[in-house]
């Protein structure tokens, strides 16, 4: 056995692992949040909402696609690493939703109400860069008088 080659290989592998850990994106999930379904609550317009938190690329790509609906008081919170104008569409959707783009502090920056699956492949883009996107059952924003500037308690 050539110990020098083994040690050199181990050191190279450790160096690569260290470099990857520094450049791999970190998913910023709000404090206390998890990606487990229904275990996180947010509040908006005096209403508690159970949310599924999605923070990986694969989870965000799937979103609510394929599901048959959202119950009242249920939603999906998309978490991004940086502020940007994240575009959303209704691919593989079977029900209408309200889409709210939120700032880092949870402020509603923009929203689209009653977005129907029939709008696909149209993509909806916010007017300002956002950190989070909250999808809610269609009609939530109107029923609870949600306005731009309202704050979602994350």
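Observations on the model:
- Residue match in region 13-21 (condition: modelled with pLDDT under 90 and touching a helix residue (DSSP H, G or I) at 6+ places or on another chain (Cβ under 8 Å)): no
- When residue 67 is tested against (1) loosely packed, with under 14 Cβ neighbours inside 10 Å; (2) more than 15 Å from the chain's Cα centre (by Cα), just one condition goes unmet, and that condition is (1).
- As a summary of the residue check, residue 128 satisfies the conditions (1) in contact with a strand residue (DSSP E or B) (Cβ under 8 Å, 6 or more places away or on another chain); (2) free of Cβ contacts under 8 Å to residues at least 40 places away in the same chain except for the one numbered (2).
- The set of residues from region 119-136 being part of a strand (DSSP E or B) and within 20 Å of residue 94 (Cα to Cα) comprises 124, 133, 134, 135, 136.
- Residue 67 vs. criteria outside any strand (DSSP E or B), modelled with pLDDT of 95 or more and out of contact with any helix residue (DSSP H, G or I) (no Cβ under 8 Å at 6 or more places or on another chain): no
- Residues of region 51-81 that are over 15 Å from residue 102 (Cβ atoms) and free of Cβ contacts under 8 Å to residues at least 60 places away in the same chain: 52, 56, 57, 58, 59, 61, 62, 65, 66, 67, 68, 73.
- Filter result for residue 89 (at negative phi, in contact (Cβ under 8 Å) with a residue 12 or more places away in the chain and touching a helix residue (DSSP H, G or I) at 6+ places or on another chain (Cβ under 9 Å)): yes
- Counted residues, region 47-63 - those being modelled with pLDDT under 95 and either loosely packed, with under 13 Cβ neighbours inside 10 Å or not in a strand (DSSP E or B) (or both): 9
- Taken as a whole, the condition of being at pLDDT below 95 and outside any helix (DSSP H, G or I) does not apply to residue 82.
- Filter result for residue 100 (within 19 Å of residue 142 (Cβ to Cβ) and part of a strand (DSSP E or B)): yes
The values are calculated or read from the model by the stated rules, or taken from the named source; none is laboratory data. All values derive from a computational prediction rather than experimental measurement. Every residue, glycine among them, receives a Cβ derived from its backbone with ideal geometry; neighbour counts consider all protein chains shown.
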